[in-house]
């Protein structure tokens with residue numbers, strides 16, 4: 001039995017900065033169960049650092065439109081071997097909770113860029129949980145015949161640049 005599905009590729013072009021980032025991922029809260037049918041709209045979350053900007057996303061076919069914002073829970077790991085700064089993978093929008101396994105820091109410092117530094121007995125490892133918010137985009141495929149088209153790919157391009 002053949003499955004109806006659509007594939008999405010997301011490509012970024014970001015000028016590197018100290019902690020600059022631009023990321024995208026599927027927004028599971030709004031998407032249908034995978035695999036996607038060629039008639040399904042797909043929702044994408046775009047995340048960026050405060051010093052990054054990006055142009056409106058482009059797609060190879062169909063349409064893509066900004067919807068709103070979406071908030072998701074994230075989990076990172078801090079593996080601390082010295083006083084070097086640790087960064088979260090996304091910008092948090094609320095409390096950041098760190099659960100330490102074994103050694104725990106005696107002092108935690110957060111600098112203006114959001115980087116964490118820890119003092120204490122090294123090494124340390126901790127699970128970090130928080131929420132983050134991104135821009136939601138809806139990718140609507142072109143009108144396709146699901147009887148004759150069983151596989152269809154759409155490329156989404158998000159071009160970004162670091163603010164100066």
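For residue 82, put the label point 7 Å out on the Cα→Cβ axis and report which residues of segment 88-117 keep their amide N under 16 Å from it. From segment 88-117, the list is 117. Cβ crowding within 10 Å ranks 84, 61 as 84, 61, fewest other Cβ atoms first. Each of 48, 138 was scored by other Cβ atoms within 10 Å of its Cβ. Arranged with the fewest first, they read 138, 48. Measuring from a point 7 Å past the Cα of residue 140 along Cα-to-C-beta, which residues in segment 55-93 have an amide N at less than 19 Å? Only 56-69 pass the distance filter.
Cβ crowding within 10 Å, taken as a proxy for footprinting-reagent exposure, orders 58, 30 from fewest neighbours to most as 58, 30. Between the beta carbons of residue 89 and residue 149, assuming R0 = 41 Å, the FRET efficiency works out to 0.70 to the nearest 0.05.
In this structure, residue 72 and residue 159 have a Cβ-Cβ separation that, at R0 = 22 Å, corresponds to a calculated FRET efficiency of about 0.40.
Read-outs: derived from the displayed coordinates by stated rules, not from any lab. Note that the structure is a prediction, hence the values are computed from the model and not measured. Here Cβ is always computed from backbone atoms with ideal geometry, including for glycine, and neighbour counts include all displayed protein chains.
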